[in-house]
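Input: a single structure, listed below in structure tokens.
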Amino acid sequence: MNLISWTPTIFSRKGFLRDDSGRAYLPKNVFTDAITSAVIFYYIKKNKDIENRVKRYLLRDELDIKKVAKDVKNIVLEKYPVLENLELPEKVYLEDKDIKIEYVEVFDLKEWIDTKGFKTEIFTGTVEIPISSPYIEKLKSATHSYAEALARIEYSFLKEHPLGELFYKPLINDLKKWELPLRIGLWTEVSFKGDLLFFWKIKEVREKLLKTLKIDIKPRYVLYIPRLKQTTGWIELKN
């Protein structure tokens, strides 16, 4: 498959990893983490029993912040082992010509302000990425469900902001046509990224996590490239 970076991909505030020869690359976990987030969201949404199990877990009296993401993942994958035999390269190499340094805003979707911007490397381009899975069609369904939900939620904050009309409305339409959409890399610095996205509208869960773990799972802060007028990390995997 080919990775098409429709909007800039960021790995970290320090830039991309490089091998001993200085070649920039994205590590395997960038893709497995993104696919896992989609799978968690999709199957919690799809299966009421799974939703209730995860909800009961999150509403327990004691939660260990270090274990939450792993435990939720295990609950979902125990029932739907769709990540088994997923094969991806350990490193996906990037061309230097496709890497630039840009100013990146940490954009507050609620207040419409840059809270703590920084400069870092971004990647925009196309690169080949071998991927194999016996569950590829299920993964496509999961990634579509998650990416489209994420885009709609972010758009809901920006309906009266120019970015809503200029970027998010076209993005939401385009995502439906992508073969396997993902949100990869550093697109937010919020804990759990989108792993608990399904529960952001369920008040009791949201308030419990805010009180117990001091974490707001509402998708409020995203990374934004002001020069390009795009939020980061939106890619497609396409044959």
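The numbers here are math on the coordinates, done by the rules we state, and not lab data. These figures come from a predicted structure and were not determined experimentally. Backbone-built Cβ (ideal geometry, glycine too); neighbour counts: all protein chains shown.
General observations
- Whole-number percent relative contact order across the chain, with pairs defined as alpha carbons under 8 Å at least 6 apart: 34 percent
- Computed extension length for ASP49-LYS28: 4.5 nm, one decimal, from 0.36 nm per residue of separation with the Cα-Cα distance subtracted.
- Which label in (i) 20.8; (ii) 13.0; (iii) 15.3 gives the computed mean projected area of the Cα convex hull in nm²: (ii)
- When the charge dipole of the chain is built from unit charges on Cβ atoms (+1 for Lys and Arg, -1 for Asp and Glu) and taken about the Cα centre, the candidate among TYR43, THR32, THR124 whose Cα reaches farthest toward its positive end is TYR43.
- Cβ charges +1 (Lys, Arg) and -1 (Asp, Glu), total dipole of the chain, debye: 740 debye
- The stretch 120-196, dipole about Cα centre (Lys/Arg Cβ +1, Asp/Glu Cβ -1), debye to the nearest 20: 260 debye
- Working note: 222 nm ellipticity from helices only, DSSP H runs with n ≥ 4, each -39,500 (n - 2.57), summed and divided by the residues of the chain, gives -11000 deg cm²/dmol to the nearest 500.
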